[in-house]
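Beneath this line is the structure, given in structure tokens, with notes to follow.
The values are calculated or read from the model by the stated rules, or taken from the named source; none is laboratory data. All values reported here derive from a predicted model rather than from experimental measurement. Positions of Cβ are backbone-derived with ideal geometry, glycine not excepted, and every protein chain shown enters the neighbour counts.
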Amino acid sequence: MVRLKQADRQQAMDGTRRRLLDAAADEFSRSGFSGANINAISTLAGFAKGTVYNYFPSKRALMLVLVDEIARQHFVFIQAKVLTVSDPASRLQLFYQAGFEFITTFLSKARIAFNVINGTDEEFKAAIFTAYQPMFAFLAEEILVPGMKQDMFRSMEPVQTAMLLMTIYLGTASQLNDQGRPWLDPGQVSSLILNGLRK
């Protein structure tokens, strides 16, 4: 009986934390980090003012957790789509297609990531760079290296090339129109990249 109550309590706490993070994504996306209001996040999530502080010690701590979560969700979303095919060239095309789809599907979270990447807060920039390391590694190990081994791509240093391709992806995907859609087509971007990689 006690175990059940503890499990229920943990589930309720997890649900509250989830709602606070979702509300924080909306608030940070709309107002930026400095303009975001902790009480607004609590009330947007449907809780009393100050509830955020029961789960996160500060606005900065909340933002750091959110940055990590966004990067993880972004990676899992792309990885799931890319791994449906085995051909390295098709994987690269799906990488860009899924990446652009993530931006339009999770626009507020994507805006936070872009604001952090292009912002001036060094702690946030370091956090997002660290959080995106699995995506860099995936691009190098699951797309570039197999493409070179299969003689589809020319020989290159995979980690540095992955960083360049991520820079191109994040740069092109961050250019959004008034409807929150990227200006460029992911097919055009991946075709351009593939032309540069192929032997």
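If only residues of segment 123-161 that are under 13 Å from the mean Cα position of the chain (by Cα) and within 17 Å of residue 93 (Cα to Cα) are counted, the one that is surrounded by the fewest Cβ atoms within 10 Å (Cβ to Cβ) is 136. Taken together, 61, 45 contain a single residue that is closer than 23 Å to residue 123 by Cα and surrounded by 13 or more Cβ atoms within 10 Å (Cβ to Cβ), which is 61. From the set of residues in segment 77-106 that are among the aliphatic types (A, V, I, L, M) and in a helix (DSSP H, G or I), which is modelled with the lowest pLDDT? Going through the qualifying residues, I end up with 103. Within segment 173-199, the set of residues being within 20 Å of residue 144 (Cα to Cα) and touching a strand residue (DSSP E or B) at 6+ places or on another chain (Cβ under 8 Å) comprises 197, 198, 199.
When each of 14, 26, 22 is tested for being in contact (Cβ under 8 Å) with a residue 60 or more places away in the chain, surrounded by fewer than 19 Cβ atoms within 10 Å (Cβ to Cβ) and of a type in the set (Asp, Glu), the lone residue that passes is 26. Within the set 92, 83, the sole residue that is surrounded by fewer than 17 Cβ atoms within 10 Å (Cβ to Cβ) and within 25 Å of residue 153 (Cα to Cα) turns out to be 83.
For segment 123-137, a tally of residues being within 18 Å of residue 110 (Cβ to Cβ) and not β-branched (Val, Ile, Thr) returns 9. For residue 32, the conditions (1) free of Cβ contacts under 8 Å to residues at least 60 places away in the same chain; (2) at positive phi are fulfilled apart from (1). When residue 56 is tested against (1) in contact (Cβ under 8 Å) with a residue 40 or more places away in the chain; (2) in contact with a helix residue (DSSP H, G or I) (Cβ under 7 Å, 6 or more places away or on another chain); (3) part of a loop (DSSP other than H, G, I, E, B), only condition (1) is not met. Checking each residue of segment 46-53 against the condition of being in a helix (DSSP H, G or I), closer than 21 Å to residue 190 by Cα and polar (S, T, N, Q) gives no match.
How about segment 39-60: which of its residues are out of contact with any Leu (no Cβ under 7 Å at 6 or more places or on another chain) and within 22 Å of residue 71 (Cα to Cα)? 57, 58, 59, 60, listed by residue number.
Taking segment 41-90 as the range and being of a type in the set (Phe, Trp, Tyr) and more than 29 Å from residue 139 (Cα to Cα) as the test, the residues that pass are 47, 53, 55, 56. Quick one: is residue 172 within 22 Å of residue 102 (Cβ to Cβ), under 19 Å from the mean Cα position of the chain (by Cα) and assigned by TED's automatic domain parsing to the domain that holds residue 99? It is true that residue 172 is within 22 Å of residue 102 (Cβ to Cβ), under 19 Å from the mean Cα position of the chain (by Cα) and assigned by TED's automatic domain parsing to the domain that holds residue 99.
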